[in-house]
Amino acid sequence: MKSLNKVVLAYSGGVDTSVCIPYLKNEYGIENVIAFAADLGQGDELALIRQKALDAGASESLVGDLIKPFIENFAFQAIRANALYEGRYPLSTALARPLIAESLVSVARELGAEAVAHGCTAKGNDQVRFDLAIGSLAPELKVLTPARQWAMSREETIAYGEKYGVSAPVSKKSPYSIDLNLLGRSIEAGPLEDPFVAPSEEVFAMTASIKDAPDEPQDIEIGFESGNPVSIDGIALDPVSLIRKANLLAGKHGFGRIDMIENRVVGIKSREIYETPGLLLLIRAHQELESLTLSADVLRTKVKLEMEWADLVYQGLWFSPLKEALDGFFDRTQIDVNGSVKIRLHKGNAMIIGRKSNTSLYIENMATYGSDDNFNHKSAEGFIYIWGLPSRLWSLAKLRKNLKN
Ligand code: ARG
């Protein structure tokens, strides 16, 4: 391969992406490795991460503040889609990848780089998401994946890095692999690889244990406009503040932990622990408001397409024609998803206790059992006669046939 002059690397500050820097220079012969770190609200000290990339030999080290687009264009789209992969995982990690890919591509174009690179390994979903997103956005760019090619053990990787200015992890090495951002934390590996072993309390950082959660329940109200959450307890909040507030409220009451076996894109099952308090709370509330404001047939159709949407996003197809078409459908359904939902947070639960909307399809004098009932009771009989006709005819035909035999 003709050696490349300039490559933009997606940089997290972890061992693998740090070792990618000298590795790309030495083994791939690349002159300029430009590190790009994304701020997704993970709370890391980004100035330190920036410096770490320079120490490892990066020719430039950039930090992109992506928190706002992450929440506005990715998290909120997922809330509108009620996206839960395999019915449970709200895609907190998966949603970040297409955004990071998008930024990598735009930095590469701006700086005239011939390739981008990432430090994902060969067994995970994130490599799929990066590669597919970059391929859709910039088919002309090469994607270099050193950590997928090198055959180094963990120890060898650390030793390789130490030779070139990448310090070994300082703290006693945690057995877990953790990905985090403002939407939540994904925890795997170590003792969790045995699916029967309960997660120890130390893996959690955003949610209280049931034991430590307040004894008193707390009722909150989440307001929505056109499917987007806009307020908590009547106070209007911008999207990022709203997610932060939802994280704090749900987290304090121990809501938002998930322990599941999931099916990865590469075909293996893996055990994952998630904590996504705010996102899960907002999806619950949003689903509830849709039950009040969407017609039965739209709801049923949407539920099926939500599964499709979650699969696409999990599997790395954020930038794809089907995903775009589904967004078009979802956007249309959200016009009348306005109103608010009341939720009781208590000891790991988020119970829906009320909902209201100016665009509600709930008609009280249709639903009521009281005297102001407007429902035409006489029509029920004729309706049921015709609705049940096919099964009665089917039964009759069987009976006749049995009589003949
Ligand atoms: N399995 C999750 C996903 O594919 C999260 C993986 C994140 N990585 C980690 N080190 N836990 O979205």
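The values are calculated or read from the model by the stated rules, or taken from the named source; none is laboratory data. Because the structure is predicted, anything quoted here is derived from the model rather than measured. With ideal geometry, Cβ positions are generated from the backbone for all residues, glycine too; neighbour counts draw on all protein chains shown.
Taking the criterion of being away from the ligand (no atom under 16 Å from the Cβ) and aliphatic (A, V, I, L, M), the residues of the stretch 134-161 that qualify are ILE134, LEU137, ALA138, LEU141, VAL143, LEU144, ALA151, MET152, ILE158, ALA159. TRP309 falls short on exactly one of the conditions (1) surrounded by 18 or more Cβ atoms within 10 Å (Cβ to Cβ); (2) more than 16 Å from the ligand (Cβ to nearest atom); (3) of a type outside the set (Ser, Thr, Tyr), and that condition is (2). Each residue in the stretch 176-217 was checked for being more than 12 Å from the ligand (Cβ to nearest atom) and outside any helix (DSSP H, G or I), and 22 pass. Summed over the stretch 314-334, residues that are within 16 Å of the ligand (Cβ to nearest atom) and of a type in the set (S, T, N, Q) total 1.
Screening LEU322, LEU294, LEU281 for residues that are modelled with pLDDT of 95 or more and over 30 Å from ARG344 (Cα atoms) leaves exactly one candidate, LEU322.
Among residues of the stretch 250-272 that are within 10 Å of the ligand (Cβ to nearest atom) and at pLDDT 95 or above, those with a beta-carbon under 8 Å from a residue that is outside any helix (DSSP H, G or I) and of a type in the set (Ser, Thr, Tyr) at least six positions away or on a different chain give the pairs MET260/TYR89; MET260/TYR274; GLU262/TYR85; GLU262/TYR89; GLU262/SER270; ARG264/SER270; GLU272/TYR89; GLU272/SER186.
Among the conditions (1) touching a residue at least 24 places away in the same chain (Cβ under 8 Å); (2) more than 20 Å from LEU280 (Cα to Cα); (3) more than 16 Å from the ligand (Cβ to nearest atom); (4) not small (Gly, Ala, Ser), VAL240 misses just one, which is (2).
Within the stretch 104-115, being part of a helix (DSSP H, G or I) and either over 15 Å from ASP126 (Cβ atoms) or within 16 Å of the ligand (Cβ to nearest atom) (or both) holds for VAL105, SER106, VAL107, ALA108, ARG109, GLU110, LEU111. When LEU91 is evaluated against the numbered criteria (1) in contact with a strand residue (DSSP E or B) (Cβ under 9 Å, 6 or more places away or on another chain); (2) more than 18 Å from ILE178 (Cβ to Cβ); (3) within 16 Å of the ligand (Cβ to nearest atom), which criterion, by number, is the only one it fails? Status for LEU91: all satisfied but (2).
Right, TYR164: of a type in the set (Phe, Trp, Tyr), surrounded by 11 or more Cβ atoms within 10 Å (Cβ to Cβ) and more than 16 Å from the ligand (Cβ to nearest atom) or not? So TYR164 fits the description; yes. In the stretch 273-287, the count of residues that are within 15 Å of the chain's Cα centre (by Cα), within 16 Å of the ligand (Cβ to nearest atom), surrounded by fewer than 23 Cβ atoms within 10 Å (Cβ to Cβ) and in a strand (DSSP E or B) is one or more. Could you figure out which of (1) more than 19 Å from VAL230 (Cβ to Cβ); (2) of a type in the set (Val, Ile, Thr); (3) at pLDDT 95 or above; (4) over 22 Å from the mean Cα position of the chain (by Cα) isn't true of ILE335? Among (1) more than 19 Å from VAL230 (Cβ to Cβ); (2) of a type in the set (Val, Ile, Thr); (3) at pLDDT 95 or above; (4) over 22 Å from the mean Cα position of the chain (by Cα), the lone unmet condition for ILE335 is (1).
For the stretch 13-84, the helices (runs of 4 or more DSSP H) that sit wholly inside it and include 1 or more residues that are under 21 Å from the mean Cα position of the chain (by Cα) and aliphatic (A, V, I, L, M) are 76-80. In this structure, is GLY57 buried (at least 17 other Cβ atoms within 10 Å of the Cβ), touching a Pro at 6+ places or on another chain (Cβ under 6 Å) and more than 24 Å from GLU288 (Cβ to Cβ)? Criteria met by GLY57. When ARG129 is tested against (1) away from the ligand (no atom under 13 Å from the Cβ); (2) touching a helix residue (DSSP H, G or I) at 6+ places or on another chain (Cβ under 8 Å); (3) at pLDDT 95 or above, only condition (1) is not met. Flag: GLU86 matches the condition of being touching a residue at least 12 places away in the same chain (Cβ under 8 Å) and within 30 Å of SER291 (Cα to Cα). Condition check: away from the ligand (no atom under 16 Å from the Cβ), assigned to a helix (DSSP H, G or I) and farther than 13 Å from TYR314 by Cα. Does LEU99 satisfy that? Judged against the criteria, LEU99 is not a match.
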